[in-house]
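The values are calculated or read from the model by the stated rules, or taken from the named source; none is laboratory data. The structure displayed is predicted, hence computed values, not measured ones. Here the Cβ positions follow ideal geometry from the backbone for every residue, glycine too, while neighbour counts run over all protein chains shown.
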Amino acid sequence: MDGKPTANDLSEVIAADKAHVWHHLFQHKALEENDPRIIVEGKGLRVWDQNGKEYLDAVSGAVWTVNVGYGRKRIVDAVADQLLKLNYFAAVNGSIPGAQFAEMLIDKMPGMSRVYYANSGSEANEKAFKMVRQIAHKKYGGKKYKILYRDRDYHGGTIGTMAAGGQIERNLQFGPFPDGFVMVPHCMEYRKEELGLGHLSGRDFGIAAANLIEEVILREGPETVGALCLEPVTAGGGVITPPEGYWERVQE
């Protein structure tokens, strides 16, 4: 790319994107005949592409990650100030914003006491899985190593988190996956007939769906199960909210 692209001519940017950028969740064959969409600016809840077309961003950065919106000057200024003061130091040491933000998070998470910072959801879940395995070795002779995950749920794009992924289409051609991950049924009432629970609805269905998890635990052996990994609301698998009574029974 030669020089800085102008606001009115992004042809070099488009060419560079088509030649060098590997987009996720995208079939690149379409770019043989069409230009990629380049998002160039955002303000509030809206973004604009290279052609000036305006979009209402109803999915927070396309993957639910920009919950605060775009162009928030107060946030930009705070980030810039911290970058000048100290942009990074390994977490083996503490930092002022790290300690302060951890305290703020814990205030919103009753029952929790510590925060482990990670770069992504995939990395955070990988760390949680490692904790489960480490605890299994330190306290249970390595026996409580199994991690239960739910059909249709998504927990990340690494090999470990895909092993705990309930979306078969996403996992095709990426195996084999690590052992010790066991799927439990989902609680989507729309598919209750497939679960053999077609005669139930509402709270009764929610409790019965949660009981299916217990059946898997008993089948696998409670002494081998170290964790249960569930999305509070299944997102990529359909934006599915669990029915009433489900979470209470799961916690029991």
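Summary table below
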quantity: Verdict on residue 79 being within 24 Å of the chain's Cα centre (by Cα), part of a loop (DSSP other than H, G, I, E, B) and not small (Gly, Ala, Ser); calculated: no
quantity: Hits in segment 174-230 (condition: closer than 30 Å to residue 133 by Cβ, acidic (Asp, Glu) and touching a residue at least 12 places away in the same chain (Cβ under 8 Å)); calculated: 220, 223
quantity: Residue in segment 25-38 that is in contact with a Leu (Cβ under 8 Å, 6 or more places away or on another chain) and surrounded by 13 or more Cβ atoms within 10 Å (Cβ to Cβ) present; calculated: yes
quantity: Test result for residue 169, exposed (fewer than 14 other Cβ atoms within 10 Å of the Cβ), within 20 Å of the chain's Cα centre (by Cα), of a type in the set (D, E, K, R) and closer than 24 Å to residue 212 by Cα; calculated: yes
quantity: Evaluation of residue 195 against (1) in contact with a helix residue (DSSP H, G or I) (Cβ under 6 Å, 6 or more places away or on another chain); (2) within 25 Å of residue 221 (Cα to Cα) (one fails), failing number; calculated: (1)
quantity: Flag for residue 60 being without any contact (Cβ under 8 Å) to a residue 24 or more places away in the chain, surrounded by 13 or more Cβ atoms within 10 Å (Cβ to Cβ) and closer than 26 Å to residue 157 by Cα; calculated: yes
quantity: Test result for residue 250, in contact with a helix residue (DSSP H, G or I) (Cβ under 6 Å, 6 or more places away or on another chain) and not in a loop (DSSP other than H, G, I, E, B); calculated: yes
quantity: Test result for residue 88, more than 24 Å from residue 236 (Cα to Cα) and either surrounded by fewer than 10 Cβ atoms within 10 Å (Cβ to Cβ) or within 24 Å of the chain's Cα centre (by Cα) (or both); calculated: yes
quantity: Selection from segment 206-252 of residues that are aliphatic (A, V, I, L, M) and at positive phi; calculated: 239
quantity: In segment 119-133, the residues that are modelled with pLDDT of 95 or more and either over 15 Å from residue 223 (Cα atoms) or within 17 Å of the chain's Cα centre (by Cα) (or both); calculated: 122, 123, 124, 125, 126, 127, 128, 129, 130, 131
quantity: Qualifying residues in segment 22-65 (those that are among the charged types (D, E, K, R), out of contact with any Lys or Arg (no Cβ under 7 Å at 6 or more places or on another chain) and outside any loop (DSSP other than H, G, I, E, B)) - the one nearest to residue 234 (Cα to Cα); calculated: 46
